[in-house]
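*Asks:* Please read through the structure below; I'll follow up with questions.
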Amino acid sequence: MDARTIPLAPGTSSRRGLLVALATGTLLIATTGGHVHGAEAAFPVDLVDDEGTTMTLETEPQRIASLSPANTEIVFALGAGDRLVGGTDFDDHPPEAVALPDVATFSGVIMEQLVDLEPDLVLAGGNNLTSAADIERMRELGYPVLVVYAPDVPTVLADIDLIGRAIGEPEAAEALTAEMSADLDAISEAATGTGSAPRTYYELDYFEGATFGPALDSFVADMVELAGGTAVTTGDPVQFEMPLERLVQADPEVIVLGDASYGVCPTDVAARPGWEGMTAVVAGAIRPVEDIPVTRPGPRLAEGLAGLALAIHPDLELPDAPAAPADCAPA
């Protein structure tokens with residue numbers, strides 16, 4: 001899943017199961033049969049996905065299967081939700097997405113369900129969000145599989161354009177990414193214009209004494225920087241577990257709780273052994289945020305950035321700012 005998956009050691013499992021798998025990736029631009037960005041949809045269309053795989057779609061897809069909540073949101077945002085025949089068991093936005101037949105779970109693709117739905121396009125998640133084995137099997141069965149994975153905010157916009165081209169909605173994608181870019185730029189300009197960039201630790205999860213946060217050069221780290229903070233990361237592009245010693249040494253000035261919606265409270269953080277001396281804990285700068293719009297690389301990214309910017313800079317004034325979540329949400 002794209003929203004909450006932690007890469008854990010073999011035999012290890014999260015009590016909540018899902019956190020964003022955010023490592024590094026390569027931006028690869030799709031082509032559309034010679035058509036420029038924003039042109040009328042034309043098929044056949046040639047595409048290059050985020051893993052470098054080239055594919056050709058002969059006709060406009062009418063039966064689309066999405067294997068990540070971000071991809072599901074993007075298809076709906078582009079006005080093609082009625083062409084989705086399958087989604088994931090973590091689809092929660094828009095509300096219509098919840099009713100889609102599940103073709104993917106945290107455990108992988110439900111291949112029998114996928115075959116029954118007969119998709120003419122599968123939108124998979126890269127960075128092993130959809131396993132390489134599942135991608136290979138779907139291609140062996142003859143399904144066109146487009147793999148998308150955004151390691152940073154610019155790639156989110158590129159992936160929306162890519163999906164727009166793939167489903168025959170390039171103009172809708174162009175309009176959406178233009179609006180998102182303007183909103184993201186305005187929020188980031190306001191946040192970075194405060195004159196301060198506090199060391200900020202974004203907590204993805206914490207259980208059994210282990211804490212998980214942004215990897216080096218990851219999507220969440222990029223969001224923190226755009227929101228006017230200095231991201232505290234694990235220092236490793238593929239490691240999400242943050243050693244306590246590294247976190248103490250980094251001494252975050254702000255701790256943002258992406259796991260607040262799962263029952264983690266600022267008082268819980270302050271009571272953790274070894275955390276009491278951190279500047280953020282001493283100052284009481286432990287703030288919850290609505291995690292999914294921040295960590296899901298999809299159409300609501302500007303909403304997520306605004307919430308994150310306000311968590312880092314509580315006095316920031318933003319038009320249409322989202323309401324701050326409660327300090328402690330029920331588990």
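*Asks:* Could you please find all residues in the range 134-167 being outside any helix (DSSP H, G or I), among the hydrophobic types (A, V, I, L, M, F, W, C) and in contact (Cβ under 8 Å) with a residue 60 or more places away in the chain? Steps first, please.
*Replies:* Within the range 134-167, the subset outside any helix (DSSP H, G or I) is 141-152, 167.
When the remaining residues are screened for being among the hydrophobic types (A, V, I, L, M, F, W, C), the result is 141, 145-148, 150, 167.
The answer is Val145, Leu146, Val147, Val148, Ala150, Ile167.
*Asks:* How many residues does the range 257-268 contain that are of a type in the set (Gly, Ala, Ser), outside any helix (DSSP H, G or I) and surrounded by 16 or more Cβ atoms within 10 Å (Cβ to Cβ)?
*Replies:* Within the range 257-268, the first condition is being of a type in the set (Gly, Ala, Ser), and the residues that meet it are 258, 260-261, 263.
This time we only want the ones that are outside any helix (DSSP H, G or I), so: 258, 263.
Those still in the list that are surrounded by 16 or more Cβ atoms within 10 Å (Cβ to Cβ) too: 258.
Residues that pass the stated criteria total 1.
*Asks:* Kindly establish whether Asp82 is touching a residue at least 12 places away in the same chain (Cβ under 8 Å) and of a type in the set (D, E, K, R).
*Replies:* Working: touching a residue at least 12 places away in the same chain (Cβ under 8 Å): no; of a type in the set (D, E, K, R): yes.
When the stated conditions are applied, Asp82 does not pass them.
*Asks:* Mind checking which residues of the range 92-111 are in contact with an Asp or Glu (Cβ under 8 Å, 6 or more places away or on another chain) and touching a residue at least 12 places away in the same chain (Cβ under 8 Å)? Spell out the reasoning first.
*Replies:* Restricting attention to the range 92-111, the residues satisfying the condition of being in contact with an Asp or Glu (Cβ under 8 Å, 6 or more places away or on another chain) are 93-94, 97-98, 100, 102, 104-106, 108-111.
Matches in the range 92-111: His93, Pro94, Ala97, Leu100, Asp102, Ala104, Thr105, Phe106, Gly108, Val109, Met111.
*Asks:* A further question follows. Starting from residues that are surrounded by fewer than 19 Cβ atoms within 10 Å (Cβ to Cβ) and touching a Leu at 6+ places or on another chain (Cβ under 8 Å), keep the ones in the range 74-110 and report whichever is nearest to Arg296 (Cα to Cα).
*Replies:* Phe106
*Asks:* In this structure, does Val85 turn out to be under 20 Å from the mean Cα position of the chain (by Cα), on the phi < 0 side of the Ramachandran plot and not in a loop (DSSP other than H, G, I, E, B)?
*Replies:* Here the answer is no, as Val85 does not meet what is asked.
*Asks:* Which one of Gly284, Gly229 is surrounded by fewer than 16 Cβ atoms within 10 Å (Cβ to Cβ), touching a Pro at 6+ places or on another chain (Cβ under 8 Å) and either at pLDDT 95 or above or assigned by TED's automatic domain parsing to the domain that holds Ala77 (or both)? Before you say what the answer is, go through the steps one by one.
*Replies:* On the way: Gly229 fails: surrounded by fewer than 16 Cβ atoms within 10 Å (Cβ to Cβ).
When all the criteria are applied, what remains is Gly284.
The values are calculated or read from the model by the stated rules, or taken from the named source; none is laboratory data. Predicted model only: the values in this text are computed from it and were never measured. Because the Cβ atoms are built from the backbone with ideal geometry, glycine has one as well, and the counts that use them run over all protein chains shown.
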